[in-house]
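Have a look at the structure below, then the notes.
The values are calculated or read from the model by the stated rules, or taken from the named source; none is laboratory data. These numbers come from a predicted model, not from an experiment. Cβ coordinates were reconstructed from backbone atoms using ideal geometry, including for glycine residues, and neighbour counts include every protein chain displayed.
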Amino acid sequence: MGEITDVYKVLFRKALRVSENAYSPYSGIAVGAALMTVHGKIFTGVNVENSSYGAGICAERTACVKAVSEGETEFKAIAVASPEGKMSPCGICRQFLYEFSPDMDVITGEDADHLECVRLSGLLPDGFRLEK
Ligand code: THU
């Protein structure tokens, strides 16, 4: 497991704080993400559900599309948090993030004092990427 630095604790707290903005009236599960670029910039995101259930988007992808939209495509780490407890990125989010930075750190945990840090490539072994 990777080292939990103070920066990663801050990142997790930002993720937990932004989870208050989650739009999740159907599942009732609020999730927040805080994505840090290699330049140290942080983009947050929440899950946004929809009456057409399949149209919902996870917190991780919300943060990622916000970052890419602002011209940032290289990531150092993402923290994922929920008041419900530890939240590990779903398969779609793993693949979505893998496109940009397979070696980024993924920080999850019950709370800021019980964090885990793993490589995205460890969560998605032999992940798929097309030649650019
Ligand atoms: N969800 C996330 O936003 N991130 C995760 O890592 C796991 C699941 C959301 C999707 C859906 O809105 C709700 O949590 C329940 O699955």
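Candidates are the residues of segment 80-90 that are under 22 Å from Asp126 (Cα atoms) and in contact with a Leu (Cβ under 8 Å, 6 or more places away or on another chain); the one that is nearest to the ligand (Cβ to nearest atom) is Pro89. Tally the residues that are part of a loop (DSSP other than H, G, I, E, B) and within 12 Å of the chain's Cα centre (by Cα), restricting the search to segment 57-85. Counting residues in segment 57-85 that are part of a loop (DSSP other than H, G, I, E, B) and within 12 Å of the chain's Cα centre (by Cα) gives 2.
Can Leu35 be described as more than 12 Å from the ligand (Cβ to nearest atom), modelled with pLDDT of 95 or more, farther than 20 Å from Gly91 by Cα and crowded, with 21+ Cβ neighbours inside 10 Å? Let's see the steps before the verdict.
Values: more than 12 Å from the ligand (Cβ to nearest atom): yes; modelled with pLDDT of 95 or more: yes; farther than 20 Å from Gly91 by Cα: no; crowded, with 21+ Cβ neighbours inside 10 Å: yes.
Judged against the criteria, Leu35 is not a match.
Does Ile4 meet the test of being closer than 17 Å to Leu123 by Cβ and of a type in the set (Val, Ile, Thr)? Spelling it out, Ile4 is indeed closer than 17 Å to Leu123 by Cβ and of a type in the set (Val, Ile, Thr). Exactly one of (1) of a type outside the set (D, E, K, R); (2) within 11 Å of the ligand (Cβ to nearest atom); (3) in contact with a Pro (Cβ under 8 Å, 6 or more places away or on another chain) is unmet by Ala63. Its number? Failed condition: (3). Scanning segment 34-48 for residues that are over 14 Å from Lys76 (Cβ atoms) and touching a strand residue (DSSP E or B) at 6+ places or on another chain (Cβ under 6 Å) turns up Thr44, Gly45, Val46, Val48. Evaluating Val106 against the criteria (1) buried (at least 23 other Cβ atoms within 10 Å of the Cβ); (2) in a loop (DSSP other than H, G, I, E, B); (3) of a type outside the set (Ser, Thr, Tyr) leaves one unmet condition, (2). Scanning segment 71-91 for residues that are in contact (Cβ under 8 Å) with a residue 60 or more places away in the chain and surrounded by fewer than 23 Cβ atoms within 10 Å (Cβ to Cβ) gives Ser82, Pro83.
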